[in-house]
Amino acid sequence: MFSIRKATIQDKNQIVALMAEMHSESHYSRLKINTDKMLSSLNYWIQAKDNEAILLIAELDGNVVGLIAASINEHWGSDSKFSHQDLYTVARDHRNKGVGGELFNAFFSWAKNHVDHIHASAFSGTGAGLDKICEKIGMVRAGSAYVWTNTDLPILE
């Protein structure tokens, strides 16, 4: 059985490998990964104060099989705070086994102590699992996300 815990700097190599797997499956796979930037983001989520951000991992037999990173922000026109899952993935071989749901349960348990609203989204094009989790727990769809993947900018006529 897997367990959920806060990530530590010792987990970074396994996390980077899992993030690379996620990247290879996404709409963003044509973008070159900047490992230094990725490590900087990991360090932020791992070292942040509890009321700023978090990186949670799902671990099975010493292996990282899933992760969720989240940060806390203020709404642009209100003093209310919200948390958004910045990064979420489950290793290909461990999908549809409850890992994602447990990661989100841990994320919600953390976030409810700090925010008024929780946002979840998938911009990578691999959001079917996220849709299933969000609908199961009663979250409401609040818009759409679109990505332009061509190099030429679109022109509206």
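Which pairs have Cβ atoms under 7 Å, sit 6 or more apart or on different chains, and link a residue in the stretch 104-117 that is over 13 Å from Leu55 (Cα atoms) to one that is charged (D, E, K, R)?
Once the first residue is over 13 Å from Leu55 (Cα atoms) and sits in the stretch 104-117, its partners that are charged (D, E, K, R) give His114/Lys81; Val115/Lys81; Asp116/Lys81.
Could we say that Ser78 is hydroxyl-bearing (Ser, Thr, Tyr), at pLDDT 70 or above and surrounded by 12 or more Cβ atoms within 10 Å (Cβ to Cβ) here?
Answer is no for this residue.
Anything in the stretch 74-120 that is within 20 Å of Ile15 (Cα to Cα), assigned to a loop (DSSP other than H, G, I, E, B) and among the polar types (S, T, N, Q)? List them, or say none.
Residue satisfying the conditions is Asn96 alone.
Can you name the residue in the stretch 76-111 that is of a type in the set (Lys, Arg) and more than 17 Å from the chain's Cα centre (by Cα) and is also nearest to Ile133 (Cα to Cα) among such residues?
Per the criteria, the residue is Lys97.
Mind checking whether some residue in the stretch 57-74 is of a type outside the set (Phe, Trp, Tyr), free of Cβ contacts under 8 Å to residues at least 12 places away in the same chain and in contact with a strand residue (DSSP E or B) (Cβ under 9 Å, 6 or more places away or on another chain)?
Looking for residues that are of a type outside the set (Phe, Trp, Tyr), free of Cβ contacts under 8 Å to residues at least 12 places away in the same chain and in contact with a strand residue (DSSP E or B) (Cβ under 9 Å, 6 or more places away or on another chain), one finds at least one in the stretch 57-74, hence yes.
Which one of these does Ser24 not meet: (1) at pLDDT 90 or above; (2) under 19 Å from Ser121 (Cα atoms)?
(1)
Applying the selection to the stretch 1-34, what residues are touching a helix residue (DSSP H, G or I) at 6+ places or on another chain (Cβ under 9 Å), part of a helix (DSSP H, G or I), under 21 Å from Ser71 (Cβ atoms) and not hydrophobic (A, V, I, L, M, F, W, C)?
Of everything in the stretch 1-34, those that are touching a helix residue (DSSP H, G or I) at 6+ places or on another chain (Cβ under 9 Å), part of a helix (DSSP H, G or I), under 21 Å from Ser71 (Cβ atoms) and not hydrophobic (A, V, I, L, M, F, W, C) turn out to be Asp11, Lys12, His23.
The values are calculated or read from the model by the stated rules, or taken from the named source; none is laboratory data. Every value quoted in this text rests on a predicted model; they were computed, and no experiment measured them. Here Cβ is always computed from backbone atoms with ideal geometry, including for glycine, and neighbour counts include all displayed protein chains.
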